[in-house]
Amino acid sequence: MKILDRYILKSFITTFATVFVILLLIFILQTVWLFISELAGRDLDFMMILKFLLFKMPSLVPLVLPLSVLLASIMTFGDLAENYEFAAMKSAGISLQRIMRGLTVFIVFLSFAAFFFANNVIPYAEYKFINFRKSIAQMKPAMAIAEGQFSDVGAYNIKVEKKSGYNGNFLTGVTIHKKINSYDGSKNVIKAKTGELVSNENSNILKLVLNDGYYYEDLVPKKYEERNKIPFAKSGFKKYIINIDLSKLNSTDQNEDQIKDTDKMLNISELLYTLDSLNANYRKDIISISDNTYLRMGMMSNKRDDKNHPSQVFKPKLLDNFPSSERAKILNMASNNVISSTFSVESYKNELFSKIETINEHWIALYEKFVIAIACLLMFFIGAPLGAIIRKGGLGLPIVFAMTIFIIFHFVNTFGKKVAQENEITPFLGCWLSTFILMPLAILLTYRATNDIGLINIDSIMAPFQKLFKKLFPSQN
């Protein structure tokens, strides 16, 4: 390695390491602030809090690493240009491509390291982080319920407005949704003014005592035409006790892993295997739902006999064979069947859409492992030529450009993944949309920096207006 390459590489690595550490600390504080408020004052020792932070750090790298590369590139090349070191290199016959060669090799290795990190370290850290939070909830059941949001506790989703008491056992403004395994759309909701969590380390039962509240339960009539009225039952109570079974939670210790099935915890091979199973199950569900729909509507036999007995498929004057007293009953029965079939189709539609969302989430998790690697290369080829063009180093103008570009990248990336998850666009396009948008910018900046063209050529912009001015006012020339 030549002296020039070592000098540029040393300058870049020093800036990159400093920026990376600072940004990582900022993102850690911003991300885990809510969790820290839940951990504080709960008799957790320093090592448990430290493990909590260490397990969370790797998931922040996909955000911090591209921004660090972008900012370090702008600052490094901006310093070289501002101190006329680029001018000295160019006067010696060294082009920008030659100056960037050593750093390009480093960024390529960094991209491969980012891919390895995203494929191996981040899934493992996410796996340990979620299980570690689960183990904390086991040792401190009151911590399983967060203020202002629904928390999954056993067979209930619980939301409280405020927690008080030394261990957060006293609850105010309690709303509980009870999970029911049914497809009829029924819901059970419990609301109470106050509540208290009563637990015992030697017991597997978490007792939730509710005071001054109401119990709502949806009623599902047998007749489908009456379901549109949405009937429900309501009862009030002064005291209501819910026993939550924690036997499965308390039977495990802090180091035992329980949660395994999430897309963020899987590497590429595991994601591909899971996707294959999910797609196979999805196709089976479609076939099963279609067959059930045909059977429910009485169409299967007609479908099979369509070729041999086409006259049985449709009889325009079928009601003429029945007396008038029976026609109303037949029409009413047909109407009920239509309502029932419509309700079933809507339920099947929601079920299939949920499965599609799960499949898309796994595809997004798969593509994200490649996006972080390409993002490092993309940000370098945006930041390096941009720093050479603006000729400003330090923490002023480079931060403005870096944050603007990164906000665009992050916003488009988040928007694309959200739209892809809802199946509006393909997961491939949703994950790579930000790269496709910023890649022309990287090519343009590299071209302009290589040919010593400024960021904005004022003369080329003003030339059409000057020609127009000369035509309109020839006497002023």
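The values are calculated or read from the model by the stated rules, or taken from the named source; none is laboratory data. Quantities reported herein were computed from a predicted structural model and do not represent experimental measurements. Glycine also receives a Cβ, built like all others from the backbone with ideal geometry; neighbour counts cover every protein chain displayed. Heads up: the accessible areas ignore ligands, DNA and RNA and are worked out on the full protein's heavy atoms, side chains in. Shrake-Rupley method; radii C 1.70, N 1.55, O 1.52, S 1.80 Å.
Some points to look at:
- For region 66-98, residues that are open to solvent by 10 Å² or more (accessible area, probe 1.4 Å), touching a residue at least 24 places away in the same chain (Cβ under 8 Å) and under 30 Å from PHE117 (Cα atoms) total 3.
- Pick from region 366-379, criterion of a type in the set (A, V, I, L, M, F, W, C) and out of contact with any Ser or Thr (no Cβ under 9 Å at 6 or more places or on another chain), ranking: farthest from LEU295 (Cα to Cα): PHE370
- Qualifying residue in region 104-123 (condition: closer than 20 Å to THR450 by Cα, modelled with pLDDT of 80 or more and open to solvent by 60 Å² or more (accessible area, probe 1.4 Å)): yes
Here's the yes/no breakdown for (1) under 30 Å from LYS284 (Cα atoms); (2) modelled with pLDDT of 75 or more:
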| site | (1), (2) |
| --- | --- |
| PRO310 | yes, no |
| LEU319 | no, no |
| ASN337 | yes, no |
| TYR348 | yes, yes |
| PHE370 | no, yes |
| GLY383 | no, yes |
| GLY387 | no, yes |
| ILE390 | no, yes |
| ALA402 | no, yes |
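- Residue check for LYS264: modelled with pLDDT under 85 and under 14 Å from HIS362 (Cβ atoms): yes
- Any hit, region 419-433, residues being more than 26 Å from TYR282 (Cβ to Cβ), open to solvent by 70 Å² or more (accessible area, probe 1.4 Å) and modelled with pLDDT of 90 or more: no
- Applying the condition of being basic (Lys, Arg) and open to solvent by 60 Å² or more (accessible area, probe 1.4 Å) to region 334-391 and asking which residue is nearest to the chain's Cα centre (by Cα) yields LYS355.
- Looking only at region 91-137, residues that are farther than 29 Å from ILE364 by Cβ and out of contact with any helix residue (DSSP H, G or I) (no Cβ under 8 Å at 6 or more places or on another chain) come to 5 in all.
- Residue in region 381-393 that is basic (Lys, Arg) and part of a helix (DSSP H, G or I) present: no
- Test: residue in region 349-357 that is part of a helix (DSSP H, G or I), without any contact (Cβ under 8 Å) to a residue 12 or more places away in the chain and either touching a Ser or Thr at 6+ places or on another chain (Cβ under 6 Å) or of a type in the set (S, T, N, Q) (or both): yes
- Evaluated against (1) at pLDDT 85 or above; (2) open to solvent by 60 Å² or more (accessible area, probe 1.4 Å); (3) assigned to a strand (DSSP E or B), LYS284 falls short on exactly one condition, (3).
- Of all residues in region 409-422, those satisfying the criterion of being among the hydrophobic types (A, V, I, L, M, F, W, C) and out of contact with any helix residue (DSSP H, G or I) (no Cβ under 7 Å at 6 or more places or on another chain) are PHE411, PHE415.
- All of LYS187, LYS140 fail the test of being charged (D, E, K, R), over 23 Å from MET48 (Cβ atoms) and at pLDDT below 75, apart from LYS187.
- Residue-level analysis places ILE13 outside the set of residues that are of a type in the set (Val, Ile, Thr), open to solvent by 50 Å² or more (accessible area, probe 1.4 Å), under 28 Å from GLY148 (Cα atoms) and modelled with pLDDT of 80 or more.
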